[in-house]
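Here is the structure we will look at, set down as structure tokens.
The values are calculated or read from the model by the stated rules, or taken from the named source; none is laboratory data. Here the structure is a predicted model, which means the values were calculated and not measured. Backbone-built Cβ (ideal geometry, glycine too); neighbour counts: all protein chains shown. For the accessible areas, the whole protein counts, side chains as well, though only heavy atoms, and no ligand, DNA or RNA atoms are used. Shrake-Rupley method; radii C 1.70, N 1.55, O 1.52, S 1.80 Å.
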Amino acid sequence: EAVFVFPLDVYPQPKAARPRRRSRRVRRRPLVVAATSPTEAASDAAGTSPAQTPGADETSVTADRTDAPAASSASPRVRWRFHWYYLNPLWLARAGLRVVVRAARSGLWRLAGGVRDLLRRALRAVARQLTPLRVIFAAIVLLIALTAHFRMRQVAREKAAIAFRDAAASGMQSFAAGDFFTAAQQLETAVEALALIDVEGARAQEIRIAAREAAAAADLLDATLDDVIREAERHRRRGRLEEWQEYFRVNFAGQWLVFETAVERYVAEDGSVHYRVAPFYTEQGTRVELDVDLPIFSPLWDHDTQPRPVATDDKQAADSVASSANDATTDVIFAVQLSSCTWEADGSWHVRFNLGTACLWAHLDAYRRLLGLPESDRRSLEPFATELKRVERILKRQASVLGITPKNEAAP
């Protein structure tokens with residue numbers, strides 16, 4: 001026998017629709033609320049309307065109210081009231097700091113977000129433009145450019161080396177012959193070539209020093225420093241100090257002076273090391289200060305660069321040269337370029353020099369030519385033998401400090 005099981009409802013019945021939920025949002029509608037006054041309160045207590053009560057306030061306000069709560073149960077709005085505590089400086093400082101911190105945080109976050117978005121857009125734009133073919137092409141172009149750059153640099157260094165060799169040889173010949181103007185031009189070319197080939201050593205240092213000495217000898221001041229101060233005094237007595245500055249700039253500025261004097265090393269109150277020379281006075285008694293606080297003097301007192309022993313017969317002179325680096329005052333021969341000559345409030349003239357071009361002198365032959373001493377006539381040099389020995393000791397010491405060994409002629 002077959003058994004058939006039928007469902008409970010053979011014919012399905014339609015389901016009843018779910019009831020719609022009422023929205024939680026309550027529609028607000030304007031409600032007219034009468035202004036609270038003693039008259040209205042009395043009328044409410046008596047059960048009469050405000051219109052029936054004499055003196056009733058007919059003024060009404062419109063307010064928002066929900067349908068659910070009653071008017072008497074509405075919470076009152078909190079109103080800000082001024083308090084003297086708000087004038088407390090500490091409270092004001094905290095409030096101001098809080099505002100500044102919030103503004104800074106907001107500004108920083110906005111700035112960081114803007115930069116991040118900008119970088120992201122830039123990377124996306126670059127990524128869209130990058131393709132394998134373009135990357136390969138850019139690599140080939142970069143390789144060609146680097147090869148050309150290094151090749152051109154190598155060619156320039158080779159040309160600079162040839163120019164340095166020729167200019168240095170001809171310049172030193174002119175320098176030894178006393179043709180300082182030609183030597184200055186040729187040695188300047190050699191120094192420029194040195195900057196390209198980047199060569200250091202005794203030879204390069206000697207070329208640089210010889211170039212400075214040749215430039216100083218070629219553009220040496222025609223007058224003496226006394227003549228310069230005398231002209232400055234003439235302008236000062238006439239009350240033309242402003243005109244003197246222009247006159248100095250046109251006639252004296254940039255020209256060279258060679259000094260042979262004693263330089264003193266001293267330590268200031270702050271611990272810094274300075275150098276000075278003794279002032280001199282004009283015929284009228286005017287004080288003249290030479291501002292020679294130059295960095296070129298520091299190697300002379302540097303214990304790490306003590307001068308080598310000087311080969312001389314005079315043992316006392318050799319001992320003085322070896323120990324002079326430790327003295328507070330020592331004799332120095334140096335060349336400087338005039339920069340300014342001004343009248344200061346202390347009633348003295350101050351002569352200043354170019355710090356970047358000052359140099360220690362190292363070649364004896366060039367210095368003898370500056371002094372106008374003959375070269376071959378040894379008899380005529382006998383009166384100057386003692387002085388030349390002293391000058392030679394100074395120059396040998398300075399050349400040793402500078403790290404060069406110039407081929408100076410021996411003093412008689």
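Numbers below:
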{"read-out": "Residue that is modelled with the lowest pLDDT, among those in the range 341-388 that are closer than 30 Å to Arg237 by Cα and of a type in the set (D, E, K, R)", "value": "Asp346"}
{"read-out": "Odd one out for Trp256, checked against (1) in contact with an Asp or Glu (Cβ under 6 Å, 6 or more places away or on another chain); (2) modelled with pLDDT under 90", "value": "(2)"}
{"read-out": "Single residue of the range 167-204 satisfying the filter (touching a residue at least 60 places away in the same chain (Cβ under 8 Å) and surrounded by fewer than 18 Cβ atoms within 10 Å (Cβ to Cβ)) that is farthest from Leu364 (Cα to Cα)", "value": "Ala202"}
{"read-out": "Contacts under 7 angstrom Cβ, first residue in the range 149-166 being within 14 Å of Leu187 (Cα to Cα), partner open to solvent by 50 Å² or more (accessible area, probe 1.4 Å), 6 or more apart", "value": "Ala160/Leu196; Ala163/Thr189"}
{"read-out": "Selection within the range 195-207 - touching a helix residue (DSSP H, G or I) at 6+ places or on another chain (Cβ under 6 Å) and either at pLDDT 85 or above or closer than 14 Å to Ile404 by Cβ (or both)", "value": "Ala204, Ile207"}
{"read-out": "Residue, farthest from Leu370 (Cα to Cα), within the range 187-241, restricted to residues that are within 31 Å of the chain's Cα centre (by Cα) and outside any helix (DSSP H, G or I)", "value": "Asp198"}
{"read-out": "Tally of residues being over 12 Å from Ala211 (Cβ atoms) and either assigned to a helix (DSSP H, G or I) or aromatic (Phe, Trp, Tyr) (or both) across the range 165-181", "value": "8"}
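Residue by residue, here is whether (1) touching a strand residue (DSSP E or B) at 6+ places or on another chain (Cβ under 7 Å); (2) open to solvent by 40 Å² or more (accessible area, probe 1.4 Å); (3) in contact (Cβ under 8 Å) with a residue 12 or more places away in the chain; (4) aromatic (Phe, Trp, Tyr) holds:
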position: Arg236; (1), (2), (3), (4): yes, yes, yes, no
position: Glu242; (1), (2), (3), (4): no, yes, no, no
position: Trp256; (1), (2), (3), (4): yes, no, yes, yes
position: Glu260; (1), (2), (3), (4): yes, yes, yes, no
position: Arg265; (1), (2), (3), (4): yes, yes, yes, no
position: Val273; (1), (2), (3), (4): yes, yes, yes, no
